[in-house]
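Here the structure is laid out as structure tokens; the discussion comes afterwards.
The values are calculated or read from the model by the stated rules, or taken from the named source; none is laboratory data. Remember, it's a predicted structure, so these values are computed and weren't measured experimentally. For neighbour counting, all protein chains shown are included, and Cβ atoms are generated from backbone atoms with ideal geometry for every residue, glycine included.
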């Protein structure tokens, strides 16, 4: 997992040094690195969860396959350290890695609509074995953007499911199995290279109960809001951004957790002169991640059993 994280960072490095001639006249892309710090407050699970530190990387490429069909491909990886307290849980860190693809149909510079799919793997916490397992997920969604003179509105809705759980011979009780989600984002451009955004995500999911509750599914719901500011430096391919987010997770009747996160990062734009141009004609879309910590309810459930 850690090797995969470094590999994605290397992809971003390659994007930063590749020339427009070698990339092709129609390809554009975005590379991103970030670090984050969070505080977690929970009901029942206060003795299990810690305040995590995270870092990660993304690389996104965008190709107009034809005037009517455009393709975006994403690679992403994230490391979360100190998610749980080392004195109460065997494992404390978690890695997420994955990829996504978007097929889009543009409507001049007014809008673009399409479908997206992604696959990712999480190291998540479970109640059995050594306290951690690998779970792989797949997601499909519909998405769209509407472009105004100063605003961009983005929407996405879809479903996801876990299709592989490596429990090491143990059960995967407490891991997220599947669910549905909706997202909405509004982005305001102060000028071509300065933007502010607000995003809201709502997920409804189902936990693996390992048939311990006579077939009655355990549910989990997560609400996330994020505020972000980004500025691209004049005549430079680089930008800097800061993001603040709040995540609220409720694990059925057992417990809940609130996580506040601050992210700082830098992006590299390949063949996109401004933030506004990338927003309308480049690799601006992404897909959400679920089942990664601290959304997984195993430490929450364990604290209330």
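Would you call residue 265 part of a strand (DSSP E or B), closer than 28 Å to residue 51 by Cα, over 18 Å from the mean Cα position of the chain (by Cα) and modelled with pLDDT of 95 or more? Show your work before the answer.
On the way: part of a strand (DSSP E or B): yes; closer than 28 Å to residue 51 by Cα: yes; over 18 Å from the mean Cα position of the chain (by Cα): no; modelled with pLDDT of 95 or more: yes.
Here the answer is no, as residue 265 does not meet what is asked.
Would you please name the residue that is modelled with the lowest pLDDT, looking only at residues in the stretch 200-220 that are under 23 Å from the mean Cα position of the chain (by Cα), buried (at least 19 other Cβ atoms within 10 Å of the Cβ) and part of a strand (DSSP E or B)?
Residues of the stretch 200-220 that are under 23 Å from the mean Cα position of the chain (by Cα), as a first pass: 200-208, 219-220.
Next, from what is left, pick out any that are buried (at least 19 other Cβ atoms within 10 Å of the Cβ): 201, 203, 205, 207-208, 220.
From the residues that got through so far, the ones that are part of a strand (DSSP E or B) too are 201, 203, 205, 207, 220.
Details: 201: 97, 203: 95, 205: 90, 207: 79, 220: 85.
In this case the residue turns out to be 207.
Of all the residues that make up the stretch 91-111, how many are within 21 Å of the chain's Cα centre (by Cα) and part of a strand (DSSP E or B)? Spell out how you get there, then give the answer.
Keep residues of the stretch 91-111 that are within 21 Å of the chain's Cα centre (by Cα), which gives 92-104.
Cutting the leftovers down to part of a strand (DSSP E or B) gives us 94-104.
Going through the stretch 91-111 one residue at a time, the tally reaches 11.
Just to be sure, is residue 92 at negative phi and touching a residue at least 60 places away in the same chain (Cβ under 8 Å)?
Values: at negative phi: yes; touching a residue at least 60 places away in the same chain (Cβ under 8 Å): no.
Considered against the rule, which asks whether it is at negative phi and touching a residue at least 60 places away in the same chain (Cβ under 8 Å), residue 92 comes out as no.
Would you be able to say whether some residue in the stretch 22-44 is at pLDDT below 75 and within 24 Å of the chain's Cα centre (by Cα)? Walk me through how you get there before you give the answer.
Looking only at the stretch 22-44, we keep the residues that are at pLDDT below 75, and these are 22-25, 42-44.
Filter again for within 24 Å of the chain's Cα centre (by Cα), leaving 42.
Within the stretch 22-44, one or more residues are at pLDDT below 75 and within 24 Å of the chain's Cα centre (by Cα).
Name the residue that is nearest to residue 261 (Cα to Cα), counting only residues in the stretch 48-68 that are part of a loop (DSSP other than H, G, I, E, B) and either touching a helix residue (DSSP H, G or I) at 6+ places or on another chain (Cβ under 7 Å) or modelled with pLDDT of 90 or more (or both).
Filtering the stretch 48-68 down to residues part of a loop (DSSP other than H, G, I, E, B) leaves 48, 50-52, 65-68.
In the following step, the residues that additionally are either touching a helix residue (DSSP H, G or I) at 6+ places or on another chain (Cβ under 7 Å) or modelled with pLDDT of 90 or more (or both) were identified as 48, 65-68.
Working: 48: 18, 65: 37, 66: 40, 67: 40, 68: 39 Å.
The qualifying residue nearest to residue 261 (Cα to Cα) is 48.
Sort through 159, 73, 142, 115 and tell me the only one that's at pLDDT 95 or above, under 25 Å from residue 34 (Cα atoms) and surrounded by fewer than 21 Cβ atoms within 10 Å (Cβ to Cβ). Break it down stepwise before answering.
Values: 159 fails: under 25 Å from residue 34 (Cα atoms); 142 fails: under 25 Å from residue 34 (Cα atoms); 115 fails: under 25 Å from residue 34 (Cα atoms).
Going through 159, 73, 142, 115 in turn, the sole match is 73.
Take the residues in the stretch 253-262 that are out of contact with any helix residue (DSSP H, G or I) (no Cβ under 8 Å at 6 or more places or on another chain) and over 17 Å from residue 55 (Cβ atoms); name whichever of them is modelled with the highest pLDDT.
Filtering first and then ranking leaves 260.
Among the residues of the stretch 222-247, write down those that are modelled with pLDDT of 90 or more and either more than 15 Å from the chain's Cα centre (by Cα) or in a loop (DSSP other than H, G, I, E, B) (or both). Step through it out loud before you land on a result.
Applying the first criterion (modelled with pLDDT of 90 or more) to the stretch 222-247 yields 222-233, 236-247.
Within the stretch 222-247, 229, 230, 231, 232, 233, 236, 237, 238, 239, 240, 241, 242 meet the criteria.
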